[in-house]
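The structure appears right after this line, and notes come after that.
We did not get these values from a lab; they are worked out from the coordinates using the rules stated. Here the structure is a predicted model, which is why all the values come from computation and not from measurement. Cβ atoms come from the backbone with ideal geometry, glycine included; neighbour counts cover every protein chain shown.
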Amino acid sequence: MGTVAEKGKGVMEQLGGKIEHGVGKVVGNERMQVEGKVKEAKGDAREAAAKAAEEGAKAVERAKGTVAEAGGHIQKGIGSALGSEEMEEEGKARVEKGVDQQKSNK
């Protein structure tokens, strides 16, 4: 399941817990209040886990961009050393693509 859906489920669980806690408070039902707080905490945890997964995926994409950028620099340098303008230009393009990939996953 996607992280957006998981975050949404977490928020809904938090809301349900707050409502249950509030109703328990109004009617004087301590058990309902506690169960509401537990649901709210579960929702907090679900939302936090989804956010962490999302950040992890972004970090992987940034790392891929860094590797692509480094590879581009190497290719550019080899092309320059060999006098191959085509290889040098391909290296420059890889560097730009890698930098763009890193920026898009901040």
Charges on Cβ only, +1 for Lys and Arg, -1 for Asp and Glu, centred on the Cα centroid of the chain; of G16, A57, N105, which one is farthest towards the dipole's positive end? G16
On a 0 to 90 degree scale, rounded to 10, what angle separates helix 30-82 from the longest Cα axis of the chain? 0 degrees
Charged-residue dipole, Cβ positions (Lys, Arg, Asp, Glu), region 3-101 about Cα centre, Debye nearest 20: 680 debye
Cα-based helix-to-principal-axis angle, 3-27 vs the chain, degrees rounded to 10: 20 degrees
Under the helix-only model (-39500 (n - 2.57) for each DSSP H run of 4 or more, divided by the residues of the chain), the mean residue ellipticity at 222 nm, to 500 deg cm²/dmol, is -33500 deg cm²/dmol
Among G83, G22, G91: highest mean-square fluctuation, GNM of the chain, C-alpha pairs under 10 Å: G83
Label point distance in nm, A70-K37, each placed 7 Å from Cα along Cα→Cβ: 4.9 nm
Hey, of (1) 7.5; (2) 8.2; (3) 9.7, which did the structure itself give for mean projected area of the Cα convex hull in nm² when calculated? (1)
Okay, which of region 3-44 sit inside 18 Å, backbone N to the point 7 Å along the Cα-Cβ direction of A52? 3-11, 14, 40-44
Can you compute the modelled spin-label distance between N105 and E61, with each label point 7 Å from Cα toward Cβ, in nm? 0.7 nm
Once the other residues with Cβ under 14 Å from the Cβ of T66 are scored (Lys, Arg +1; Asp, Glu -1), what is the net sum? +3
Please report E89, E20 as a ranked list, fewest other C-beta atoms within 10 angstrom at the top and most at the bottom. E89, E20
